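Comments concern the structure below.
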Amino acid sequence: MSHRVLDLGTDERLPVVSVGAGGMGRAWLDVLEASPDAELVGLVDLDLDAARRAAADLGRPDLPLGRDAVELARATGARAVVDVTVPAAHHPVTTAALAAGLPVLGEKPAAATLAQALSLVAAAEVTGELFMVSQSRRWNPHVSLFRDAVALLGGAGTLTTEFFRAPRFGGFREEMDHPLLVDMAIHAFDTARHVLGDEPAAVWCTTSNPPWSWYRGDASAAAVVTTGGGARYSYTGSWCAPGEETSWNGRWTASCAHGSVRWDGDDEPVVVVAEDAPAEGRAGVDALLAGPRSPFDGIAGALAVFCAALRTGEAPSGEVHENAMSLAVVEAAVASAGSGRVVDLDALLEGARAEAVAAERDERVRERLRAWPDARSALAAR
């Protein structure tokens with residue numbers, strides 16, 4: 001999906017307003033303040049006192065503040081928006097920014113629902129503005145190495161993730177119906193799509209909540225995703241698993257045509273090449289392991305890629321067309337857990353598109369949604 005290129009001077013940083021002064025918003029403020037590519041020119045939050053405290057803690061007590069991203073962008077000359085609001089606010093904040101000619105870098109998920117995410121896909125098409133979702137694990141250098149190793153070994157037939165943590169967040173997460181699937185598993189689902197280089201066709205999932213759980217909703221889940229190319233991805237996890245915990249990135253294993261790759265989520269992946277692997281594959285793995293690592297990491301990496309994409313016009317990893325399928329996997333897993341049945345992704349996508357059309361207020365966006373031959377092909381047109 002092509003997007004508008006910004007005319008920025010060689011040494012000019014991208015002026016942005018950031019929306020959201022909560023915990024994750026503050027993490028983004030630190031990244032923006034340190035960025036060589038972006039310049040923080042304003043902070044938006046409905047709670048101006050929270051925004052003032054965040055600005056003061058950043059050492060920017062005079063940073064312009066506001067309650068509306070578009071208004072503050074116009075007042076400060078910002079040319080892009082970083083949306084770090086709660087998921088329920090992603091659709092209205094991003095819709096308003098795109099319509100005002102402001103590209104957006106947003107936190108995951110793209111929106112609170114798949115239907116809203118499809119609306120934002122259509123809005124990006126209609127406006128020609130970039131909407132990129134920051135799936136921070138994609139910018140982990142170990143994930144890049146893992147993905148490249150899997151490809152050199154002939155691709156994965158099976159990919160597994162184990163995730164066991166016991167965080168006590170308090171607040172909204174402990175009241176969610178599916179806290180693990182909705183708030184955390186999207187990282188693993190997105191990473192799996194990235195590593196496999198293939199898209200999901202169907203999802204089966206079951207969830208539960210141990211007797212000792214401090215979450216109201218199901219905090220444990222097991223899911224199986226089959227892809228169009230025949231690979232199988234298995235996810236098993238729990239957010240109420242005291243004892244030996246995995247990395248926040250989980251523990252990964254890929255079984256490939258010519259070997260395997262293991263990653264503990266913290267250290268570099270371990271690549272095991274089969275004895276009968278082709279010589280070129282073995283040589284490729286040796287070169288990969290001896291070569292340079294990805295220069296990108298975490299949300300700072302996402303910001304650098306976003307800024308570069310606005311200069312070049314090239315669609316970045318995480319552009320909303322590509323990213324929406326990760327949210328589709330989450331919704332499919334939730335639907336499967338509720339029904340006990342395998343969920344077909346094409347049927348889920350078309351149901352979400354119909355929902356988006358019915359709810360859409362912008363006639364141009366509504367007509368674009370209707371004009372798609374089908375949702376899957378629309379998302380693939382990137």
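Annotations for the structure displayed:
- Top-ranked residue of region 56-86 - restricted to ones that are among the acidic types (Asp, Glu) and within 26 Å of the chain's Cα centre (by Cα), ranked as farthest from Pro109 (Cα to Cα): Asp68
- Of residues in region 7-24 being out of contact with any Cys (no Cβ under 7 Å at 6 or more places or on another chain) and modelled with pLDDT of 95 or more, the one most open to solvent (accessible area, probe 1.4 Å): Arg13
- Scanning region 1-48 for residues that are in a loop (DSSP other than H, G, I, E, B) and in contact with a Gly (Cβ under 7 Å, 6 or more places away or on another chain) yields a count of 5.
- So Ala332, is it in contact with a helix residue (DSSP H, G or I) (Cβ under 6 Å, 6 or more places away or on another chain) and under 25 Å from His178 (Cβ atoms): yes
- Enumeration of residues in region 56-73 that are assigned to a helix (DSSP H, G or I) and surrounded by 14 or more Cβ atoms within 10 Å (Cβ to Cβ): Ala69, Val70, Glu71, Leu72, Ala73
- Residue check, Glu162 surrounded by fewer than 21 Cβ atoms within 10 Å (Cβ to Cβ), acidic (Asp, Glu) and at pLDDT below 95: no
- Checklist (1) in contact with a Cys (Cβ under 7 Å, 6 or more places away or on another chain); (2) modelled with pLDDT under 95 applied to Ala337, failing item: (2)
- Only one of Val203, Val182 that is of a type in the set (Val, Ile, Thr) and either in contact with an Asp or Glu (Cβ under 7 Å, 6 or more places away or on another chain) or closer than 20 Å to Thr246 by Cβ (or both): Val182
Residue by residue, here is whether (1) in contact with a Gly (Cβ under 6 Å, 6 or more places away or on another chain); (2) assigned to a helix (DSSP H, G or I); (3) polar (S, T, N, Q) holds:
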position: Val261; (1), (2), (3): no, no, no
position: Val271; (1), (2), (3): no, no, no
position: Asp276; (1), (2), (3): no, no, no
position: Glu280; (1), (2), (3): no, yes, no
position: Val285; (1), (2), (3): no, yes, no
position: Ala308; (1), (2), (3): no, yes, no
position: Ser317; (1), (2), (3): no, no, yes
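- Complete set of residues in region 210-236 that are assigned to a strand (DSSP E or B) and either open to solvent by 40 Å² or more (accessible area, probe 1.4 Å) or farther than 20 Å from Arg138 by Cα (or both): Ser220, Ala221, Ala222, Ala223, Val224, Thr226, Arg232, Thr236
- Condition met for Thr207 (part of a strand (DSSP E or B), surrounded by 17 or more Cβ atoms within 10 Å (Cβ to Cβ) and β-branched (Val, Ile, Thr)): yes
- Region 260-304, residues that are under 30 Å from Ser2 (Cα atoms), surrounded by 17 or more Cβ atoms within 10 Å (Cβ to Cβ) and touching a Leu at 6+ places or on another chain (Cβ under 9 Å): Ala302, Leu303
The values are calculated or read from the model by the stated rules, or taken from the named source; none is laboratory data. Only a predicted model underlies this, so the values are computations on that prediction, with no experimental measurement involved. Heads up, the Cβs are rebuilt from the backbone with ideal geometry, glycines too, and the neighbour counts pull from every protein chain shown. When the accessible area is computed, the model is the full protein with side chains, heavy atoms only, and any ligands, DNA or RNA have been set aside. Shrake-Rupley method; radii C 1.70, N 1.55, O 1.52, S 1.80 Å.
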